[in-house]
1. Please work out how much length the chain gains when fully extended from residue 93 to residue 148, using 0.36 nm per residue of separation minus the C-alpha to C-alpha distance, in nm with one decimal.
2. Would you list the P(r) distribution for the stretch 100-140, with all Cα-Cα distances sorted into 10 Å bins from 0 and each bin expressed as a whole %?
3. Could you tell me the convex hull volume per residue, in Å³, taken over the Cα atoms of the stretch 131-184?
């Protein structure tokens, strides 16, 4: 599906002032995925680790929102299986944007788990490229500038609050579930 054509596209080599006025119409999930990945990198995770953490943070957030809207109900069997897996100590958790992300060490490094399987960072990168299109480098650069405006400790505390300040506006309740909104890079820049 991908993002709608941005108001103005920006080449990778453009400097920050050229980002003024750029906006992208996109769902909130890829915005949170990218932001969580940028935050994870700022906190010291490598790019591949950060991409998988970002994807799972967005998934956990969507699940929590779906539960709150009454769209999902936890299945007792699924909870039992998860409890058994965690009790066996096969995974640990990384706290990121107020979510406890299950992770496992793989031969390629730390990977976040989704449905008990390590997330492939390449698939997350393709997902982001598909959703943001040509605007991805500019959006990521704006998010990186925001993340670097804070110490790692302060960013860790404030990351979700910052996301709430710039995320796309969508209708509340079930009407906004999966809806796209406008991500304005000027709002990202103004979030700090």
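Laboratory data are not the source of any read-out in this text; all were calculated from the coordinates shown. All figures in this text were calculated on a predicted structure; none of them were measured in a lab.
1. Gain on extension, residue 93 to residue 148, equals 17.4 nm.
2. Going from the shortest bin to the longest, the percentages are 27, 40, 30, 4.
3. Details: hull volume 5.0 nm³, N = 54.
Dividing the Cα hull volume of the stretch 131-184 by its residue count gives 92 Å³.
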